[in-house]
1. Classify the stretch 154-214 as rounded, prolate or oblate, taking a ≥ b ≥ c as the square roots of the eigenvalues of its Cα gyration tensor: rounded when a/c is under 1.5, otherwise prolate if a/b is larger than b/c and oblate if not.
2. From the Cα gyration tensor of the stretch 430-473, with a ≥ b ≥ c the square roots of its eigenvalues, which class applies: rounded if a/c is under 1.5, or else prolate if a/b is larger than b/c, or else oblate?
3. In whole Å, what three semi-axes, largest first, describe the equivalent ellipsoid of the stretch 576-634 built from its Cα gyration tensor (square root of 5 times each eigenvalue)?
4. Could you work out [θ]222 nm for the chain from helices alone, using -39500 (n - 2.57) per DSSP H run of at least four and dividing by all its residues? Round to the nearest 500 deg cm²/dmol.
5. Just name one of GLY149, SER606, LEU381: the one whose Cα is farthest towards the positive end of the charge dipole of the chain (beta-carbon charges, Lys/Arg +1, Asp/Glu -1).
6. For the charge dipole of the chain, defined by +1 on Lys and Arg C-beta atoms and -1 on Asp and Glu C-beta atoms about the Cα centroid, which residue among ALA293, TYR444, SER25 has the Cα displaced farthest towards the positive pole?
7. Below 8 Å, C-alpha to C-alpha, sequence gap of six or more: please give me the relative contact order for the stretch 536-647 in percent.
8. Using only Cα atoms, locate the centre of the stretch 147-197 and the centre of the stretch 342-411, then give the distance between them in Å, rounded to an integer.
Amino acid sequence: MCAETDKQALLKLKEGFVHRMELLSSWKGDDCCRWKGVSCNNLTGHVTSLHLRFSNSTRVEDLNYLLDTMPEMKFFSAPTNLGGNIDYSICELKHLTFLDLSHNDLQGEIPKCIGSLGQLTQLNLAWNFLNSVPYSLSNLSNLQYLDLGRNYFVAKDLDWLSHLSTLRYLDLSKNNLGAVTDWPSSIGKVPFLSELYLNDCGFPQVKPKSISHINSSTYLQILSLSGNHFDSSIMSWVLNVSKVLTVLDLSHNELDNGIIKTFNTLCQLKRLYLGSNKLSEQLSDYLPEFCSAKDLEVLSLDHNPFGKGLLPDFSLFSSLERLSLQNTSTVGPLLFGHLPRLKALDLSLNNLNGSLPVFELTKFSSLHFLDLSHNKLSGRLPYSIGQLSNIWFLFISSNELNGDISEEHVSNLSRLKIFDVSKNSLSFNLNPDLVPPFQLVALYASSCVLGYQFPLWLKHQKKLQVLQISNTSIMGSFPEWLGDISSTLLYINVSHNKLSGVLPKSLSQIKTGLMSTWDFSFNNLSGPLLPFPPSVFELFLSNNRFSGFVSSFCETSPLTYLDLSSNELTGPLPNCWEKFQKLEVLNLANNSLSGRVPDSFGNLQSILSMHLNNNHFFGEVPSLALSKGSLRLIDFGDNNLEGTLQTWLDLENLIVLRLRVELGFILRKYH
């Protein structure tokens, strides 16, 4: 049974949070030790751990480099986090050793009394909007783990760090530390740091003379300084701060060729990130300088303006598991040394040409991630691509590949999750009865040929979240089974095909995720518009043959974007637009709609752009007073509408107004 004082402190803390009821629904009853996120000492009943992290975000090593276990992939997910502030009652939990409130939307100050929690060993307040760091944090003498990253607060000094003598892990990334001129000195006073993350902090440049007396650490192994606009002078501190660095991230800075020789001394490195800098010599000139070449597991050199050259020989890097050479001016054929441990390879956005050599693909049998997109690879897709039996993510889009994708290409790809072959001249030639060995999360196949009907093999893809099959020569009608294809379909694009007939009623039953986008434009779809699932936010239905609305269409209320232009819509509009409170863009142009513009248009409080042009509307334009702060563009031309000059003058943020007064709008000067 939990201590009564701790229970009351937790209830006060709960009052300060803004949250969905289900997040803290268990916070009731006498025994707070059974509440979600709460752990207690079994003997005393005092709360020792508070873990209220309800959502997650992937770190820098995102989908490109997830290697060890296949993640539960969600492109979008509903917000499940806490808002509000951290109440001072947190400080009444005197026995806390672990506190995690990260990945929420908490605002305001970190309570100054938090320094009284002397037993804390781990404190994680990252990914919030907390606006300051109290100096009292310096009193947490037992703290070993501190993460305040991504709060976007402003700090003028880091002097409080010098008192945290037991700290092992520190993350202050994504905060404004531009005024902290002596930050190397402050970091140097934390003697046992082993992991340090200072990404995107806006630090000033380091002056080499000011760091000559730094004592080199024998503990610091992981150092991340990404996104600080450091020039090569930062290396004078990096080379002195630690003798045992194994992970170094200097990506998204302004390092130039002067750093090449420095890697002669960093001989224990296992992971090195140098992407998005100003390295401009030949890529091959850098490789001999890595004294840790045989031990490197991760090497990222992407987005550097290297001189154009062939793929260099990486055979010395025998331990390499991840290699990113995206956008590095690499040209020529895909010829690669044998890297038996390689799991992730990114060669996208280069000028690789020629065909995909069969013998090269066999070298990649251990790959989980392969990105060859945006090159000039040509010819047929070799059957040996089917030997990539461990592949999760396969991207070969925007090349010049042609020929068929057959069952022989995909029959062994049982782990495949994301498949991107778009913008090639490839044709899917799969047996209609095929049950693929994989369960895709995303398929991108735009501008390929999928066949003359909706691909039946998609019927078996029950985890699909993204389906991009625009301009794929599909004909016929939507299949009824599409409504059963996935309970998490977030994005579907079947535009620029030859689909015809009415939309199946099963579409209304799809349980989509948050922020779903559906694009059915540029087809021959017809019939009345049915209601769409309640979580479809963007709906593109232009250039079809839809003829009208059914009454239940008004149930499609969460829309933010609705494009029904260039259809065959007739008759009056439904008068239910007050339900579309999130609608920002409405395009009904180029139809045969008639009657008066409904009064409920005046309730579109979020509307930014409204197109009613080239219809048969008549009569008075309804008051748009509730939209005066949002409307930016209005096109009511080519109708028979009328209104007063004051109607438009009241719209304070209007940028574009098209009325075609001389043809289709009667403008009166006075009420």
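Bear in mind these aren't lab numbers, they're just calculated from the coordinates by the rules spelled out. Keep in mind it's a predicted model, so treat the numbers as computed, not measured. Note that we place each Cβ from the backbone using ideal geometry, even for glycine, and neighbour counts take in every protein chain shown.
1. Because a/c hits 1.5 or more and a/b fails to exceed b/c, the stretch 154-214 counts as oblate.
2. oblate
3. 18, 12, 10
4. Rounded to the nearest 500, the figure is -1500 deg cm²/dmol.
5. Result: GLY149.
6. Of the listed residues, the answer is SER25.
7. The normalised contact order for the stretch 536-647 reaches 21 percent.
8. Each part reduced to its Cα centre gives a spacing of 43 Å.
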